[in-house]
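Values quoted throughout were computed directly from the atomic coordinates according to the rules given, and no laboratory measurement underlies them. Computed from a prediction, not measured in an experiment: that's the story for all the values here. Every residue, glycine as well, gets a Cβ built from its backbone with ideal geometry; the counts of neighbours run over all protein chains shown.
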Amino acid sequence: MKNHKGADQIHRAFHEIALLRSANESHPSRSVTLRAVRAYQSKRFQETYHDLLASVAYGPACNFFLTEIYGDQDFSQRDREFERIAKSIERMFPRNILEVAIDLAELHALTELLDTKMAEAVESLGNRPRQVPLENATYAVAWLVSGLSAQRTQQLKMVLDLGRRLERITTMRGIRMTLRAMRLPARAANLSALQGFLEKGFETFSELAQLKGRSDIFLRTIEEREEAWIRHLNATD
């Protein structure tokens with residue numbers, strides 16, 4: 001009998017996301033607060049990495065992280081694809097690509113949890129931002145109230161691990177052809193959003209890999225700046 005450990009990991013991650021979303025939707029203001037938190041985080045990322053975003057060499061990779069990982073857009077379509085046919089992913093994709101899907105699912109689940117906790121912390125301060133952008137001070141105090149520094153560090157580690165896994169598969173022979181060959185089956189199985197993420201990630205890191213050492217420099221820069229940001233928030237007075 002086939003071991004569906006990978007599928008179970010994906011299913012469990014998106015089950016956790018579904019529970020969090022359901023809980024958030026039951027609170028009238030929570031969804032709005034959550035959007036404010038994510039908008040703040042996305043804006044902060046753009047400011048922290050403005051130089052990389054404007055770079056010819058690093059711009060595509062940085063934009064990939066901003067839109068696919070740190071972004072504030074709606075990932076529900078991709079989530080539904082994961083949740084609905086998690087076991088099919090094991091049958092349709094090679095193991096090394098499946099591992100990328102597992103990393104993404106688990107990172108997404110942790111991100112959903114941390115963003116929810118931040119939204120709860122913002123509301124505990126008496127803030128209901130609705131359409132009003134969060135201020136730096138509000139976010140900083142909510143960070144301390146949430147007590148999630150260790151988990152944010154874990155989130156960073158998972159982001160870097162996902163980046164390194166994407167980097168590794170770009171060096172494997174035949175992966176590009178495998179991904180292209182998956183387009184029609186993925187479309188037939190309603191996996192277009194997942195397929196799009198995998199292809200975009202592959203192409204992005206493939207371009208970096210062609211410039212020796214660039215992907216390592218890029219990921220190290222992410223690590224250093226995010227660790228500095230975490231230290232800054234932990235030191236908030």
Report the full-extension gain for the segment residue 216 to residue 57: residue separation times 0.36 nm, less the Cα-Cα distance, to one decimal in nm. 56.0 nm
Want the number for residue 145 to residue 39: 0.36 nm per residue separation, take away the alpha-carbon distance, what's left? 36.2 nm
Set the bar at 25 Å for Cα to Cα. Now go through 5/117; 5/43; 117/157 and name every pair that lies beyond it. 5/117; 5/43
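If you stretched the chain out fully between residue 136 and residue 91, how much longer would it get, using 0.36 nm times the residue separation minus the C-alpha to C-alpha distance? Could you put the intermediate results ahead of the total?
On the way: separation 45, 0.36 × 45 = 16.20 nm, distance 4.59 nm.
That pair, residue 136 and residue 91, stretches by 11.6 nm at full extension.
Based on the mean of other beta carbon atoms within 10 Å per residue, what is the order of 227-236, 141-150, most packed first?
141-150, 227-236
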If I model a spin label as a point 7 Å beyond the Cα along the Cα-Cβ vector, how far apart are those points for residue 232 and residue 125 in nm? 1.5 nm
Radius 9 Å from Cβ of residue 109, net charge of other residues (Lys, Arg +1; Asp, Glu -1): -2
